[in-house]
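Take a look at the structure below.
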Amino acid sequence: AHQWRGIIAEYADRLPAHVQTHVVTLGEGGTPLVPAPALSVRTGANVFLKVEGMNPTGSFKDRGMTTAISAAASRGAKVVVCASTGNTSASAAAYAVAAGMVCAVLVPDGKIAMGKLSQAIAHGARLLQVDGNFDDCLIAARKLADAYPVELVNSVNPDRIEGQKTGAFEVVDTLGDAPDIHALPVGNAGNITAYWKGYTEYAESGPATRLPMMWGFQAAGSAPIVLGHPVTFPETIATAIRIGNPASWAQAEAARDTSGGLIEAVTDEQILAAHRILSRECGVFVEPASAAGVAGILMLAEQGRVPAGARIVVTVTGHGLKDPQWALRTADGAEVTPVRVSADVVSIARALELD
Ligand code: F0G
């Protein structure tokens, strides 16, 4: 039976040759585009979710990691390094195992979700908690790669963008054309850059006849592009996008401006509300950062800025199991614990209010 072969094999004609000579894959990509009627009703648009939590390590990073690690392997690299808020490190660690490489990861002290930390450790990464935030980690990782025989696999590596652009290809291949709007969270700004590249390439030579508006959303406490200046001490519960000086800042602005789109901020409260709606009304469990795109379209809908009937794709970037603690609280922040019952059907039926 046919099985999805990973993005390098599936999109061989659209990827550079140097990522194809030594392919390292875990079967990434081919993720579902799920209709979200609950979000369509709330926004008056036609909303689909690109569920990137379905990738092998549970986030969209795998699309760029298969290409980055394959390219590194073709050059004979033995050691790779990344700075990460968690998902890049989980992905790099897994693909390094598949490639037989050593993976060093620099993560900000104490601000990594437990699921992501567990992944990097499980895959045997050389994990260093850096006394600093993500931006400090990225500066250090770049310097390390400049001075030592170590390949950098952050999204400043163009091979990462090449892989991640396939997310846009899949959306067009599924819908038959580009949507009116593509919404997504923005942290280091690699993904918005990659989606825009993918949509552009598919419109220039390929099945797409049009381009979407790119709508990016940053967390309000970590919104340098919205503010127009770096944020020295970024804060947000959405730790994946807790970034004060995005590496692909200029490319993100170019995607926004060329597409006639926008980059705006959503509060942690809006992010958690969207996280809840995704869980309870869409059946899609994501980590908080992944809910920022949904929070954004809900905010714009409230402001009357979502065109009626527009086809909107929102990338939900990472799986809820990465950072599950947020599910265990009510909307008011109270802790949720399971109801205890004895093992008899009468008590269980009573607890379920069945009679
Ligand atoms: N959503 C999730 C779940 C992420 O992990 C990230 C980035 C983003 C959104 C933002 O994407 O950086 O391309 O704008 N995580 C990186 C990491 C920074 O280290 O895992 P971006």
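Confirm whether VAL24 is surrounded by fewer than 24 Cβ atoms within 10 Å (Cβ to Cβ) and β-branched (Val, Ile, Thr). The answer is no for VAL24.
Looking across segment 119-154 at every residue that is part of a loop (DSSP other than H, G, I, E, B) and touching a Cys at 6+ places or on another chain (Cβ under 9 Å), the one that is farthest from ASN87 (Cα to Cα) is identified as GLY124.
I'd like to verify a number: residues in segment 224-244 that are among the aliphatic types (A, V, I, L, M) and within 12 Å of the ligand (Cβ to nearest atom), how many?
Final tally of qualifying residues: 5.
Filtered by the rule that a residue be touching a strand residue (DSSP E or B) at 6+ places or on another chain (Cβ under 8 Å) and more than 18 Å from ALA90 (Cα to Cα), segment 123-138 gives GLY132, ASP136.
Quick grid of which residues meet (1) out of contact with any strand residue (DSSP E or B) (no Cβ under 9 Å at 6 or more places or on another chain); (2) more than 30 Å from THR85 (Cβ to Cβ):
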position: GLY304; (1), (2): yes, yes
position: GLY318; (1), (2): no, no
position: TRP326; (1), (2): yes, no
position: ALA331; (1), (2): yes, no
position: ASP344; (1), (2): yes, yes
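Listed conditions (1) more than 14 Å from LEU184 (Cα to Cα); (2) in contact with a Ser or Thr (Cβ under 6 Å, 6 or more places away or on another chain); (3) buried (at least 24 other Cβ atoms within 10 Å of the Cβ) are all met by LYS322, apart from (2).
Residues in segment 278-315 that are charged (D, E, K, R) and either part of a helix (DSSP H, G or I) or within 13 Å of the ligand (Cβ to nearest atom) (or both): 4 in all. Might you check whether a residue that is in contact with a helix residue (DSSP H, G or I) (Cβ under 6 Å, 6 or more places away or on another chain), of a type in the set (Lys, Arg) and assigned by TED's automatic domain parsing to the domain that holds GLU52 occurs anywhere in segment 164-177? Yes, segment 164-177 contains a residue that is in contact with a helix residue (DSSP H, G or I) (Cβ under 6 Å, 6 or more places away or on another chain), of a type in the set (Lys, Arg) and assigned by TED's automatic domain parsing to the domain that holds GLU52. Within segment 183-199, the only residue that satisfies the criterion of being of a type in the set (S, T, N, Q) and either assigned to a loop (DSSP other than H, G, I, E, B) or without any contact (Cβ under 8 Å) to a residue 24 or more places away in the chain (or both) is ASN188.
The lone criterion from (1) without any contact (Cβ under 8 Å) to a residue 40 or more places away in the chain; (2) of a type in the set (Asp, Glu); (3) outside the structural domain of HIS18 (by TED's automatic domain parsing) left unmet by ASP135 is number (1).
Residue count for segment 332-349 under the criterion of being exposed (fewer than 10 other Cβ atoms within 10 Å of the Cβ) and assigned to a loop (DSSP other than H, G, I, E, B): the result is 11. Within 16 Å of the ligand (Cβ to nearest atom) and on the phi < 0 side of the Ramachandran plot: is that true of PRO56 in this structure? In short, yes.
The values are calculated or read from the model by the stated rules, or taken from the named source; none is laboratory data. Because the structure is a prediction, the values reported are computed rather than measured. No Cβ is skipped: glycine too gets one built from the backbone with ideal geometry, and neighbour counts run over all protein chains shown.
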